[in-house]
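Encoded as structure tokens, the structure appears first; notes follow it.
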Amino acid sequence: MLSIDASAGAFLAALAERSLDFTQYVNVFTGSQNGGNDFPGVVRPFGMVKLGPDLLVPGTDSYSGYLPNGNFSGFSLMHEQGTGGAPKYGTVSQLPVVGVVPDPLSNLTVGRAVADQASVGYYKAQTTDNVTVELAASEHAGMYQYTFPKGVLGNILVDVSHVLPSFRGQGLGQNYEGGQIEVFPDGHYEGYGTYDNGWNRAPDWNIYFCGHFDTAPVSNKTYSGSDASGSVEQASGSASSDAGVTRVGSLFTFNSHQVVSRVGISWISTAQACQNVQNEIPPGTDLQSVVEDTKANWNNKVLSKITTTNTNETSLTLLYTSLYFMHLIPTNQTGENPGWTSNEPYWEDIFTFWDLFRCSTALMQVLQPDVYEEQIRSLIDIWRHEGYMPDARSSNYNGRTQGGSNADNILADAYVKGVRGAVDWQDGYRAMLKDAEVTPPNTNPDPMAPDSSTKEGRGALPDWKSLGYITPRFTRAVTRAVEYSCNDFGLYQVASSLGIQTDSEKYLNRSRNWRNHWNPNQQSLGFSGFVVPRDSNGFIDTDPLTDSGYWGDPYYEASSWAYSWASVHDMKHMIDLMGGPETVVNRLETMFTPGAGGGTGIIFDSTNEPMFNIPYLYNYVNRQDLSVLRSRNVAKTYNTGVAGLPGNSDAGAMQTWLLWNIIGLYPITGQTTFLIHSPWFESLTIDLGSGKTLKITSTGGDGNGDSSFYVQSLKVNGKTWNRNWLTWDDVFARGGTLEFVLGDAPAEWATGDLPPSPAS
Ligand SMILES: *[C@@H]1O[C@H](CO)[C@@H](O)[C@H](O)[C@H]1NC(C)=O
Ligand SMILES: *[C@@H]1O[C@H](CO)[C@@H](O)[C@H](O)[C@H]1NC(C)=O
Ligand SMILES: *[C@@H]1O[C@H](CO)[C@@H](O)[C@H](O)[C@H]1NC(C)=O
Ligand SMILES: *[C@@H]1O[C@H](CO)[C@@H](O)[C@H](O)[C@H]1NC(C)=O
Ligand SMILES: *[C@@H]1O[C@H](CO)[C@@H](O)[C@H](O)[C@H]1NC(C)=O
Ligand SMILES: *[C@@H]1O[C@H](CO)[C@@H](O)[C@H](O)[C@H]1NC(C)=O
Ligand SMILES: *[C@@H]1O[C@H](CO)[C@@H](O)[C@H](O)[C@H]1NC(C)=O
């Protein structure tokens, strides 16, 4: 009896366990190809260590380390998530090599025998030498388990000079600038490497490491060298190259079938790196236990935040994989700040707010209120110690700013939605004022945009402040003007809430200056009125269909068809300028019409963030049904495959856009407004923390958002709702319910006020 009960109990427990293991719905290879650049390696939520393979295909930039083809150049502990531009990190690596290694410091690679396999917290690769590499990670340390073929001498190469290279020729390649490694009598190694550059054009930064092998090597050799000299063995067991860029590294040789290595990293010191690995992955730790801990972390801290009654494997995989990829960066680097000492949290790897401010940071607040408060405090502390908040930041260095100073929008969003806690909002507002008033010095001009600083702040402030528009003497003038308008709206929001009346009026005025770039006579496809370049002589002609550019151009990574919609805080005025609601509907529809962009082209481009809001803007002209239709068509181009993302993930920005579509709301950053469209599932519950939940149900749909997705009616917190938007207070501040009735044709349910346009 007893034994039967016990086993039945164990069976039920296992069953419960399995159903709570949301990691089974995460495909870590989703979006890892076709430019998605998702990082498929091992990582805890926001973990400093992101351990994964680095693949080398000469001529191809590998942004997350992973490529589906090529040879392994290493398995390194540091990566970014889903970024583009130029690779960053790929630092602190090991590479298993079989046989005699005559010249270890010569960019060795080993071939890949079979496709890599991975799941949350676990990664497995096999080299053409028949070495199996298995990986696991904690927050600040990584674990390698190598299985060598029996009867061969296996080596582990630690090449301190290893980074992810860039072949694009933009001057943004990372460089190894020196380092040190020392093998201690007990066989562990310590050291650091110095590197620079990468996408954010960072000056030298150091990362410290501390590696252990749980199996004794038969030999260890330490080398220094260069391409010219080859690798030169150092009898002392240590090598450093402080004086130059000589490469250093060590080769550990084993005659064991299995070799386990545990490596800690730190931004502070080798002692801290050793402490990190000792604390998190002590000697004798079993790889599987680290994997299980990682899965538990993902389940408890992230994946369980959204639950649904949906049982469709495809839908669940899209949901949980998207949730996963929005939680890799920023990195929680609290306690690991090499720049200054403070009691504030420290969050790093912001890559970038230009991507994240539009809808991602708003979801971070909803899902991770504690994390979010720490992130806001960290931004303010960066301003406190370095003078400016970042628009992007990695290796503890601000850069690069693509358009405006978008931390302003994020602080405004947090403020109006009630983020308080330990945030010092007086300082927060001072940090925003710095962005709005003080031109950042252009001490290290960006070759791709030398006119003004791309490090931080707003480089084109001199024109913005004196003229109220930005002349072509500044690159990305139109992009910056529309983004500075949104940034200034953020200052207005905070100033007016803090009761700073003169600032409030001033920044509200400035938030309307995007209008100064509005040329009512600029034509495209029969529509009049676009944001255009201008100088003191007036507007400059452009071709809104083809004027999308890059760093040196008036429009950054999107055309004036896109940027003309950017000023959502001033929508009512924009609608008037465009010629009224009917024209606006036609204009939006034109953006989704095949062929309108020339050839088979569609003007709307889901691969890049400036377009993120556009499918939802129909709500402002009382065509909520078209917001549902157009946004759903875009969302359904995502899939769970390796090419499942339309563009670079950009730190999870793409995934959060999809998550909002699944949820049925879309945030207007900087305001408490959420536009309502239509949820995918019959039931979805968001854990808002502190015991609060938002429960979203629907009837009449197909359950997966593929059809019958038009809203027929809606109840908010049990009461019939007739507006196509709601506010933070309605359903997030205290939790709430949304009950949708869906159907296969549009219905006239949204008869109430349109979403607010506070600057109009
Ligand atoms: C991988 O290495 C093999 C053998 O060294 C070489 O023949 C091959 O060209 C390499 N592949 C790539 C993509 O570099
Ligand atoms: C190794 O790679 C670096 C770039 O990452 C390159 O500068 C160097 O020339 C390469 N060395 C050899 C021997 O191929
Ligand atoms: C790898 O293993 C396969 C199958 O076990 C074997 O055929 C092959 O010769 C091995 N290759 C090497 C380089 O050891
Ligand atoms: C590392 O190599 C040195 C020099 O050959 C040797 O004295 C030392 O015992 C080795 N240490 C280990 C742990 O193998
Ligand atoms: C960030 O890391 C610090 C130090 O490890 C930790 O104390 C803190 O709880 C972390 N923050 C969150 C939100 O997990
Ligand atoms: C804001 O603009 C209005 C109208 O142009 C003007 O009268 C007012 O003085 C401005 N306020 C500030 C604080 O600049
Ligand atoms: C599961 O959802 C996908 C994606 O929405 C859909 O294509 C598929 O038909 C659904 N499968 C079932 C069995 O309903």
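Details
- Among the protein heavy atoms, those of Asp535 account for about 40 Å² of accessible surface (1.4 Å probe, every chain in place).
- The C-alpha atoms of the chain define a longest principal axis, and helix 2-20 lies at about 60 degrees to it.
- Mean ellipticity per residue at 222 nm, deg cm²/dmol - from DSSP H runs of n ≥ 4 across the chain, formula -39500 (n - 2.57): -8000 deg cm²/dmol
- Sorting His327, His573 by solvent-accessible area of protein heavy atoms yields His573, His327, largest first, with a 1.4 Å probe.
- For the stretch 609-760, radius of gyration divided by Kirkwood radius, i.e. Rg to Rh on alpha-carbons: 0.94
- Taking 0.36 nm per residue of separation and subtracting the current Cα-Cα distance, fully stretching the chain between Val245 and Lys692 would add 155.4 nm.
- Lysine pairs meeting the criterion (Cα under 21 Å, 8 or more apart or interchain), as found in the stretch 23-299: 5
- When all protein chains stay in place and ligands, DNA and RNA are ignored, the 1.4 Å accessible-area order of Cys486, Cys359, largest first, is Cys486, Cys359.
- Isolated cysteines in the chain, defined as those with no second cysteine Cβ under 4.7 Å, comprise Cys359, Cys486.
- Ranked by the mean number of other Cβ atoms within 10 Å of their residues, highest first, the peptides 155-161, 733-739 fall in the order 155-161, 733-739.
- Ranked by how many other beta carbons lie within 10 Å on average, peptides 26-38, 653-665 from highest: 653-665, 26-38
- Charge tally in the Cβ shell below 13 Å around Pro283, where Lys, Arg are +1 and Asp, Glu are -1, Pro283 excluded: -3
- Counting only Cβ charges, +1 for Lys and Arg and -1 for Asp and Glu, the dipole size of the chain around its Cα centre is about 1000 debye.
- Mean accessible surface per residue for the stretch 23-299, computed with a 1.4 Å probe while every protein chain stays in place, in Å²: 32
- Basic side chains Lys and Arg get +1 at the Cβ, acidic Asp and Glu get -1 at the Cβ, and with that the dipole of the stretch 330-440 about its Cα centre reaches some 200 debye.
- Paramagnetic label zone (point 7 Å from Cα along Cα-to-C-beta, Asp186; backbone N under 18 Å) in the stretch 282-301: 282-286
- Counting only protein heavy atoms and a probe of 1.4 Å, the accessible surface of the chain is 49% carbon and sulfur.
- When all alpha carbon pairs of the stretch 23-299 are counted in 5 Å bins from zero, the resulting P(r) reads 1, 6, 13, 19, 21, 19, 13, 6, 2, 0, 0 %.
- R0 of 51 Å, Cβ-Cβ distance Ser269-Asp535: FRET efficiency to nearest 0.05: 0.45
- Using a simple spin-label model with pseudo-atoms 7 Å out from Cα toward Cβ, Lys124 and Glu505 lie 7.0 nm apart.
- Under the simplified labelling scheme, the Lys719-Val218 pair shows an inter-label distance of 7.9 nm, with each label point 7 Å from Cα along Cα→Cβ.
- Summing +1 for each Lys or Arg and -1 for each Asp or Glu among the other residues whose beta-carbon sits under 12 angstrom from that of Ser698 gives -1.
- Crossing angle, helix 501-510 versus the chain [Cα axis fit, 0-90 degrees, rounded to tens]: 90
- Rg/Rg_ref, the chain, where Rg_ref = 2.2 N^0.38 Å and atoms are Cα: 0.97
- To the nearest ten degrees, helix 477-498 and the longest principal axis of the Cα atoms of the chain are 80 degrees apart.
- Area accessible to solvent at Ile686, 1.4 Å probe radius, in Å²: 0
- Heavy-atom SASA rank of Tyr122, Tyr550 (probe 1.4 Å, accessible area, largest first): Tyr550, Tyr122
The values are calculated or read from the model by the stated rules, or taken from the named source; none is laboratory data. Please read all numbers here as calculations on a predicted model, not as lab measurements. FYI the Cβ positions are ideal-geometry reconstructions off the backbone, even for glycines, and counts take in every protein chain you see. When the accessible area is computed, the model is the full protein with side chains, heavy atoms only, and any ligands, DNA or RNA have been set aside. Shrake-Rupley method; radii C 1.70, N 1.55, O 1.52, S 1.80 Å.
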